[in-house]
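Working notes, beginning with the structure itself.
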Amino acid sequence: MLEKKIGEPCPTCETPLQRRRSTFRTIVGDIAYCARCCSSFEIAREDEANLSLLLPPEFAPV
């Protein structure tokens, strides 16, 4: 699955991608989703600081 950032344009229809809960069994957590063409992408993670924002508080590094 391709990695995209939230807000990037969809490669198919150029609609900005939204964050959505994954319905895939192989992907746990959120995905980047295009509501217009129903495309899904893994969220690109650049560094540990951004990763801690995506984790629930009980699992976030301190």
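Of all residues in the range 1-22, those that are more than 9 Å from the chain's Cα centre (by Cα) and within 9 Å of Phe41 (Cα to Cα) total 2.
Residues of the range 23-34 that are closer than 16 Å to Arg45 by Cα and surrounded by 10 or more Cβ atoms within 10 Å (Cβ to Cβ): Ile27, Gly29, Asp30, Ile31, Ala32, Tyr33. The set of residues in the range 22-60 that are outside any loop (DSSP other than H, G, I, E, B) and modelled with pLDDT of 85 or more comprises Asp30, Ile31, Ala32, Tyr33, Cys34, Ser39, Ser40, Phe41, Glu42, Ile43.
Among the residues of the range 1-21, those that are open to solvent by 40 Å² or more (accessible area, probe 1.4 Å), without any contact (Cβ under 8 Å) to a residue 24 or more places away in the chain and in a loop (DSSP other than H, G, I, E, B) comprise Gly7, Glu14. Within the range 30-42, being within 8 Å of the chain's Cα centre (by Cα) and of a type outside the set (Val, Ile, Thr) holds for Asp30, Ala32, Tyr33, Phe41, Glu42.
The values are calculated or read from the model by the stated rules, or taken from the named source; none is laboratory data. Because the structure is predicted, anything quoted here is derived from the model rather than measured. Positions of Cβ are backbone-derived with ideal geometry, glycine not excepted, and every protein chain shown enters the neighbour counts. In case anyone asks, the SASA skips ligands and DNA or RNA and just uses the protein heavy atoms, side chains included. Shrake-Rupley method; radii C 1.70, N 1.55, O 1.52, S 1.80 Å.
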